[in-house]
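Read through the structure below, which is laid out as structure tokens, and then see the notes.
The values are calculated or read from the model by the stated rules, or taken from the named source; none is laboratory data. A quick note: this is a predicted structure, and the numbers were derived from the prediction, not measured. As a convention, Cβ positions derive from the backbone with ideal geometry for all residues, glycine included, and neighbour counts pool all protein chains shown. To get the accessible areas, we keep the full protein, side chains included, count just its heavy atoms, and leave off ligands, DNA and RNA. Shrake-Rupley method; radii C 1.70, N 1.55, O 1.52, S 1.80 Å.
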Amino acid sequence: MPIKFKPSAKTVKRGTKIVTTEHYYIKNIAKEELIDYLNNGQKPKIKQKCSNELARRGIQIVWKDKEPNV
């Protein structure tokens, strides 16, 4: 199974009642969204998944310390 970024979601179309399932595989998530989650995300497990995916894509991560507001 591919790695998931968040759980799959089922949506129901009104009128036709057709159920479609949307999967959020990490390989389909945009680079900017992965970087934003690394900077602002909450869960360490998903942060590690994002870091691994960026490394797989060949994107170098440079960590910087936050500068204090003076």
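Some points to look at:
- Accessible surface area normalised per residue over the chain is 90 Å², counting heavy atoms of protein chains with a 1.4 Å rolling probe.
- Of the residues K17, K45, K27, the one that moves most in a GNM of the chain with alpha-carbon contacts below 10 Å is K17.
- Computed from the C-beta positions of H23 and Q60, the FRET efficiency with R₀ = 22 Å rounds to 0.20.
- In the chain, the DSSP-assigned H stretches of four residues or longer account for a calculated mean residue ellipticity at 222 nm of -10000 deg cm²/dmol, using -39500 (n - 2.57) per stretch and the full residue count as denominator.
- Relative to the longest principal axis of the Cα atoms of the chain, the long axis of helix 31-40 makes an angle of roughly 60 degrees.
- Between K31, K13, K43, the GNM of the chain built on Cα springs shorter than 10 angstrom shows K13 fluctuating the most.
- Per atom type, the chain shows carbon and sulfur on 51% of its accessible surface, probed at 1.4 Å.
- Helix 44-56 vs. the chain, principal-axis angle (Cα, 0 to 90°, nearest 10): 80 degrees
- Charge-dipole axis of the chain as Lys and Arg at +1 and Asp and Glu at -1 on Cβ define it, positive-most pick from A9, S51, I61: A9
- Among the lysines of the chain, pairs at least eight places apart or on separate chains and with Cα atoms under 14 Å apart come to 13.
- Charge dipole of the chain (Cα centre as origin; +1 on each Lys and Arg Cβ, -1 on each Asp and Glu Cβ, all else neutral): 480 debye, rounded to the nearest 20.
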